[in-house]
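The values are calculated or read from the model by the stated rules, or taken from the named source; none is laboratory data. The structure presented is a predicted model; accordingly, all values stated were derived computationally and were not measured. Note: ideal-geometry Cβ built from the backbone for every residue, glycine included; neighbour counts use all protein chains shown.
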Amino acid sequence: MKISVIGAGMVGSTTAQRIADKKLADELVLVDIVESVKGKALDIQESASIEGFSTKVIGTLDYKEISGSDIIIVTAGLPRQPGMSRDDLLAKNSEIVKKVAQNIKEYAKNAIVIVVTNPLDVMSYIMLKETGFDKNKVIGMAGILDTTRFATFIAEELNVTAKDVKALVLGSHGDSMVPVIEETTVKGKGLSEVLDKEKIEELVERTRKGGAEIVNYLKKGSAFYAPSSSVVKMINAIVKDSKEVMPCSVYLEGEYGYSGIYLGLPVKLGKNGVEEIVEMELSETVKKQLDNSANTTKNNIAKLK
Ligand code: TXD
């Protein structure tokens, strides 16, 4: 299994570390435009005798090294600074992601690509269009992160472990994301049974602003520990062909009534990438919120043209 990570900044390097520690790859390539990538790769490599992985880790500025990759993670691009929305990154990051896509197309045309760069749903769209890859092989990471944030806040509120919370957040990765209350349970009980409406609304709001909360603490740059965990959850499902269902940003051609956009929906992941977009019954309220979320992405795509 060969996995490449494009962009060895905070999310890219922590993702690489987790991939190595979890022994998910035989070969791990980190690509960046700055020389420090070589140091990061070597540093991860030097943990092998302690962590017990036999992965070969390479850091490079040369895209040729990604040749033959099975999976490629794209984190190249700028992160948010305090006061910025994800959409503020659109112009700069679309240029970067286009370049990355051309290199992936040239050197690794059989790879499954997981896009992380923001604004996520639009960057995934650009990756699909620029590579011309099948839609099942270009997937965006966001829903898992938004979901784990929601679960964290619920667990904290109820003083239970996050493992006892099963949450679900759909929609685009931004302020219009859609935490699905009906699908969220705590020790098997519906969220509305254990928390009142106002409290739930408060936690939903905190989830919507979860990324900004971290940005405001870090001052420079955005979250990377939970994001890298989220990426690795997807990689694990693909490498192990687990067919696990998780919320990912996927290209839609009629599913849920949407076409021509990327949106976060429940997806079955396996060795072919997206194996199925799982159709779920949604309440009218949730569907309306999802429509709103889809429109945000549509407007962002229109801005590209
Ligand atoms: O849920 C999600 N999808 C996200 C998305 C969660 C967390 C972070 N999210 C986004 O990922 C964030 O808004 C950014 O757009 C990306 C990467 O975030 P990160 O925090 O890792 O940013 P860094 O630390 O600035 O790293 C970016 C790296 C940096 O090392 C640059 O030199 C490199 O990208 N870069 C490139 N690498 C390769 N090729 C090109 N062209 C390139 N341009 C910049």
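One residue stands out among those in the stretch 159-208 that are small (G, A, S) and within 25 Å of G257 (Cα to Cα): the one that is modelled with the lowest pLDDT, which is G174.
Restricted to the stretch 138-148, and to residues there that are surrounded by 24 or more Cβ atoms within 10 Å (Cβ to Cβ) and more than 10 Å from the ligand (Cβ to nearest atom), the residue that is farthest from M1 (Cα to Cα) is T147.
Determine if the stretch 177-186 includes at least one residue that is within 14 Å of the ligand (Cβ to nearest atom) and touching a Ser or Thr at 6+ places or on another chain (Cβ under 9 Å). Yes, some residue in the stretch 177-186 is within 14 Å of the ligand (Cβ to nearest atom) and touching a Ser or Thr at 6+ places or on another chain (Cβ under 9 Å). With respect to K98, is the statement that it is more than 10 Å from the ligand (Cβ to nearest atom) and touching a residue at least 12 places away in the same chain (Cβ under 8 Å) true? Here the answer is no, as K98 does not meet what is asked. Cβ-Cβ contacts under 9 Å between residues 6 or more apart (or on different chains), taken from a first residue in the stretch 128-141 that is without any contact (Cβ under 8 Å) to a residue 24 or more places away in the chain to a second residue that is within 14 Å of the ligand (Cβ to nearest atom) and among the hydroxyl-bearing types (S, T, Y), are absent. Would you confirm, using the coordinates I've provided, whether I144 is assigned to a strand (DSSP E or B) and closer than 21 Å to F224 by Cα? So I144 does not fit the description; no. Taking the criterion of being closer than 19 Å to A155 by Cβ and either within 16 Å of the ligand (Cβ to nearest atom) or over 17 Å from the mean Cα position of the chain (by Cα) (or both), would at least one residue in the stretch 240-251 satisfy it? Taking every residue of the stretch 240-251 in turn, at least one turns out to be closer than 19 Å to A155 by Cβ and either within 16 Å of the ligand (Cβ to nearest atom) or over 17 Å from the mean Cα position of the chain (by Cα) (or both). Against the list (1) over 21 Å from K233 (Cα atoms); (2) surrounded by 23 or more Cβ atoms within 10 Å (Cβ to Cβ); (3) in contact with a Pro (Cβ under 9 Å, 6 or more places away or on another chain), the condition V37 fails is (3). The residues of the stretch 184-207 that are crowded, with 21+ Cβ neighbours inside 10 Å, of a type outside the set (A, V, I, L, M) and assigned to a helix (DSSP H, G or I) amount to a single one, T207.
Output yes when any residue across the stretch 238-257 is small (G, A, S) and part of a strand (DSSP E or B), and no when none is. For the stretch 238-257, residues small (G, A, S) and part of a strand (DSSP E or B): present. Under the condition of being aliphatic (A, V, I, L, M) and within 11 Å of the ligand (Cβ to nearest atom), the residues counted in the stretch 105-121 number 4.
For the stretch 122-137, the candidate set comprises residues that are within 17 Å of V274 (Cα to Cα) and within 14 Å of the ligand (Cβ to nearest atom); within that set, the residue that is surrounded by the fewest Cβ atoms within 10 Å (Cβ to Cβ) is Y125. Is it the case that the stretch 41-56 has a residue that's out of contact with any Phe, Trp or Tyr (no Cβ under 7 Å at 6 or more places or on another chain) and at positive phi? So far as the stretch 41-56 goes, yes, one or more of its residues are out of contact with any Phe, Trp or Tyr (no Cβ under 7 Å at 6 or more places or on another chain) and at positive phi.
Within the stretch 95-117, the set of residues being within 23 Å of G273 (Cα to Cα) and assigned to a helix (DSSP H, G or I) comprises V97, K98, K99, V100, A101, Q102, N103, I104, K105, E106, Y107.
Let's see how each residue does on (1) surrounded by fewer than 17 Cβ atoms within 10 Å (Cβ to Cβ); (2) touching a Phe, Trp or Tyr at 6+ places or on another chain (Cβ under 9 Å); (3) at pLDDT below 95:
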{"position": "S259", "(1), (2), (3)": "yes, no, no"}
{"position": "V267", "(1), (2), (3)": "no, no, no"}
{"position": "N272", "(1), (2), (3)": "yes, no, no"}
{"position": "L282", "(1), (2), (3)": "no, yes, no"}
{"position": "V286", "(1), (2), (3)": "no, no, no"}
{"position": "N295", "(1), (2), (3)": "yes, no, no"}
{"position": "N299", "(1), (2), (3)": "yes, no, yes"}
{"position": "K303", "(1), (2), (3)": "yes, no, yes"}
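Looking only at the stretch 159-171, decide whether some residue is more than 16 Å from the ligand (Cβ to nearest atom), acidic (D, E), free of Cβ contacts under 8 Å to residues at least 60 places away in the same chain and not in a loop (DSSP other than H, G, I, E, B). Yes, the stretch 159-171 has at least one match.
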